[in-house]
1. Please state which one of 43, 20, 24 is in contact (Cβ under 8 Å) with a residue 24 or more places away in the chain and out of contact with any strand residue (DSSP E or B) (no Cβ under 9 Å at 6 or more places or on another chain).
2. Go through (1) surrounded by 11 or more Cβ atoms within 10 Å (Cβ to Cβ); (2) modelled with pLDDT under 95; (3) of a type outside the set (Lys, Arg) for residue 8 and report which single condition fails.
3. Can you pull out the helices (runs of 4 or more DSSP H) entirely within the chain that have at least 3 residues that are of a type in the set (A, V, I, L, M, F, W, C) and over 12 Å from the mean Cα position of the chain (by Cα)?
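The values are calculated or read from the model by the stated rules, or taken from the named source; none is laboratory data. What you see is a predicted model; the values in this text were computed from it and never measured. We place every Cβ from the backbone using ideal geometry, glycine too, and count neighbours over all the protein chains shown.
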Amino acid sequence: MPKRTYQPKKRRRVRTHGFLQRMLTNGGRNVIKRRRSKGRKRLAVTIAKK
């Protein structure tokens, strides 16, 4: 069997799609703004607490 293509890493996920990363770019800030106006519970990826 070949290896599965998605090997998730929490730290990498947060660093690419996290809140701080979104706030760095103009487009990312727009993403947060759109998600706020839509009323999303989660605005960006965070590390899930156990």
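1. Working: 20 fails: in contact (Cβ under 8 Å) with a residue 24 or more places away in the chain; 24 fails: in contact (Cβ under 8 Å) with a residue 24 or more places away in the chain.
None of the others qualify; the one that does is 43.
2. All conditions pass for residue 8, except number (1).
3. Details: elements: 10-17, 19-24, 26-38.
Fully inside the chain and qualifying: nothing.
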